[in-house]
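Comments concern the structure below.
What follows is calculated from the coordinates using simple rules that are stated; it is not laboratory data. Fair warning: this is a prediction, and the values are worked out from it, not measured in the lab. With ideal geometry, Cβ positions are generated from the backbone for all residues, glycine too; neighbour counts draw on all protein chains shown.
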Amino acid sequence: MALITYLRVSTNDQSIDNQRRQIQEAGYQVEQDFEFYDEGVSGAVPAKKRPALNEAIKTARKGDVFVVVAIDRLGRDAVDVLTTVKALESKGVKVVSLREGFDLSTPAGKMMLHMMAGFAEMEKNLIAERRTAGITRARAEGVHMGRPKYKYGELIAAMWSDGMSYPQIVASLAAKNIKAGKTTIYRFKN
């Protein structure tokens, strides 16, 4: 029997260390060989496109225990979460979710899984609604969305007209600590 832990954070700015600590505090001994994690992968991404989760499921054998800190670490889509849990259970793997603390081998535990997966999906949808509403409100208030408008257009246009080549322009902008991509520079070409 092996303990398999799956950790996931949504952005590269976040750390999996907190999840690892929670699993250890729950009394599970985390083994490096059986620890899988996806960093910077949103829960909205289907399980099929999360390499560490797929590897963890492939590694799991009958009698193993598959531990996550919370069901939403497996995903934010109810069908996707249920499919993942069913794939593990069909291999004879026990799935443990620390936050929810329910036993998936009982009918009540399976019902709770369905409910929690539904709540995770609802939360994902509410976040998307709030984000869309915020963007709409900001646009209505005249806030520019996306990359800031480039302020150095005249400078770049002057460099082109002086006969500077692309590498020379890039070097000159870098010396002035002005970050401009190829598209921005070529936009001002004569």
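Filter the cross-link list K94/K124; K48/K124; K62/K124; K49/K124; K49/K91 down to pairs whose alpha-carbon distance in this structure exceeds 28 Å. From the list (K94/K124; K48/K124; K62/K124; K49/K124; K49/K91), the Cα-Cα distance tops 28 Å for K62/K124. Taking the Cβ-Cβ separation of L126 and K91 as r and a Förster radius of 41 Å, what is the calculated FRET efficiency to the nearest 0.05? Efficiency computed from Cβ-Cβ geometry: 0.80.
Ordered by the count of other Cβ atoms within 10 Å of each Cβ, fewest first, M112, M122, M1 give M1, M122, M112.
Give a quick list of trypsin sites (Lys or Arg not before Pro) in region 22-91 that DSSP marks as loop, anything other than H, G, I, E or B, with at most 10 other Cβ atoms within 10 Å. List each step's numbers first, then the result.
Values: sites: K48, K49, K58, R61, K62, R73, R76, K86, K91; in loops: R61, K62, R76, K91.
Counting only loop positions with at most 10 other Cβ atoms within 10 Å, the trypsin sites (Lys or Arg not before Pro) in region 22-91 are K62.
Which shape class, rounded, prolate or oblate, goes with region 39-110 when its Cα gyration tensor gives a ≥ b ≥ c as root eigenvalues, a/c under 1.5 marks rounded, and past that a/b bigger than b/c marks prolate? Let's see the in-between values first.
Working: a/c = 1.71, a/b = 1.26, b/c = 1.36.
Cα axes put region 39-110 in the oblate bin.
Based on the alpha-carbon gyration tensor of region 5-133 and its eigenvalue square roots a ≥ b ≥ c, which shape applies: rounded if a/c is under 1.5, prolate if not and a/b is larger than b/c, or oblate? Oblate, since a/c reaches 1.5 and b/c is not below a/b. Only lysines eight or more places from K179 in sequence, or on another chain, were considered; those with a Cα closer than 29 Å are K149, K151, K189. With a Förster radius of 45 Å, plug the Cβ-Cβ distance of Q29 and K189 into 1/(1 + (r/R0)^6) and report the FRET value to the nearest 0.05. Once rounded, the FRET efficiency stands at 0.15. Of the GluC sites (Glu not before Pro) in region 129-189, the ones in a loop by DSSP (not H, G, I, E or B) with at most 12 other beta carbons within 10 Å are E141. For region 121-190, trypsin sites (Lys or Arg not before Pro) are listed when DSSP marks them as loop and at most 11 other Cβ atoms sit within 10 Å of their Cβ; the list is K149, K151, K176, K179.
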